[in-house]
Structure formats: C-alpha cells, structure tokens
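K.L.:
A single structure is presented below for examination.
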Amino acid sequence: MLLLHGHGRTGHSMRGLAATLRKAGYATLAPHYPARRSLNAIVDGLQPRVATFAAECGGPLHMVTHSLGGLVARALFKAHRPARAGRVVMLGASGPHLRTGRAAAEEAVLGPVDFDLGVIAGDRPIDPVFPRLLVPRPNDGKVSVSATRVAGMRDHIVLPVSHTLMVYDRRVRAQALAFLRNGRFSR
C-alpha cells in the first residue's frame, strides 16, 4: 500500500492511516517527497522506491492519497504505471487539477483515470466563514465537493470531515478500507 501525502505534509502525516492499513493486513510505504517540486520531479524521485516496494510486496500495489498525493498518484500512473496496479483511494482530491477542464500541460502530466479509483470528499470546513468566500459550497475548507468528482472514477462518497483532518478520521479510514477490499464504499 503506497500512501501519498498532501502539500505541506510529510509521510509522517499518514502514520495513523498506515497503522490502520497494516492492521488490516497491508504492507505500507509512506515516503516523503518535496511538494514544491514539479509533479514530474516528484514522480521521478519516488519511482525507484515505489518499484522496489512493489516488487517486495508481491500482489497489487494499492494507493491511498491525500490532496496533492492524488495528483502524484495520477502522474505516477502516467509515467511509471505499476505492473500490478491495484485500487486507489483519493482523500480530499486537489480539485482544480482533477477537474475535466484542465489545461493541456496538466492533462499531459496526469493522464486519464484508467485505474480503479474511489474518491472521499469532505464537507465540513474547520473555518466556517473563509471557505464560503473562496470555495463553492459544500466544501471541506479547501476543495468543493463538486471539484472532487473525477471522470473515470468508480465510486465517490462525501463524509462530514475537513480537508486538513480527514486522514485522521476513523470514518474515512473505514471507507478507504471498504473501497480497497470491495471496489466500492460502504453505504
């Protein structure tokens, strides 16, 4: 299980989620990467570690991502698609880059969603005022729910969580596990 963190975070931010996944029987890798670099540079830096981890683990390489990590996963699939690609769960996917109206340069780096994807969106911003001014409602404080819908995804669910804290939420973890096991969220 590859865990990809969001902007301003490190692999350590995925520790709780990694513990939940290990308890469920998954081996995990939560690498650090410099979020301020280009997606191509991030992917090129991650690829050797991801390839080694995937070879050591056998089975499918599943991924759980948070925010920017979803873009990294898409760029990784485009540039170095894992031979045994598994399911991907994106938490609080980075909206503007995941919409169907991307710029051509972004599309070239990300490519289409041609893998088994489930997206978990949040609709509870921490700050009740500021996101209302900048992000269409409902939103998680950073990304609108509508912006998390990605062409080609298999399933989508909205939970009462904020963007920043969703990786720590037990409901999010339970839904991520459900998608990884069954290819759909629990309802």
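K.L.:
Considering Cα pairs under 8 angstrom that are at least six residues apart, work out the relative contact order of the chain and quote it in whole percent.
P.N.:
Computed value for the chain: 19 percent relative contact order.
K.L.:
Find the centroid of the Cα atoms in region 28-99 and in region 142-187, then give the distance between the two in whole Å.
P.N.:
17
K.L.:
Suppose R0 equals 25 Å; then what is the FRET efficiency for Lys23 and Ala83 from their Cβ-Cβ distance, rounded to the nearest 0.05?
P.N.:
That gives a FRET efficiency of 0.40.
K.L.:
Mind sorting out which of (1) 31, 16, 15; (2) 24, 19, 15; (3) 21, 20, 16 is the real semi-axes √(5λ) of the Cα gyration tensor in Å computed from the coordinates?
P.N.:
Checking each listed value against the structure points to (2).
K.L.:
Which of Arg187, Arg84, Arg74 has the fewest other C-beta atoms within 10 Å, and how do the rest follow up to the most?
P.N.:
By the 10 Å Cβ count, ascending: Arg187, Arg84, Arg74.
Bear in mind that the values in this text are calculations on the coordinates, not laboratory data. Predicted, not measured: the structure shown is a model, and the values here were computed from it. Reconstructed Cβ throughout: ideal geometry from the backbone, glycine too, with neighbour counts over all protein chains shown.
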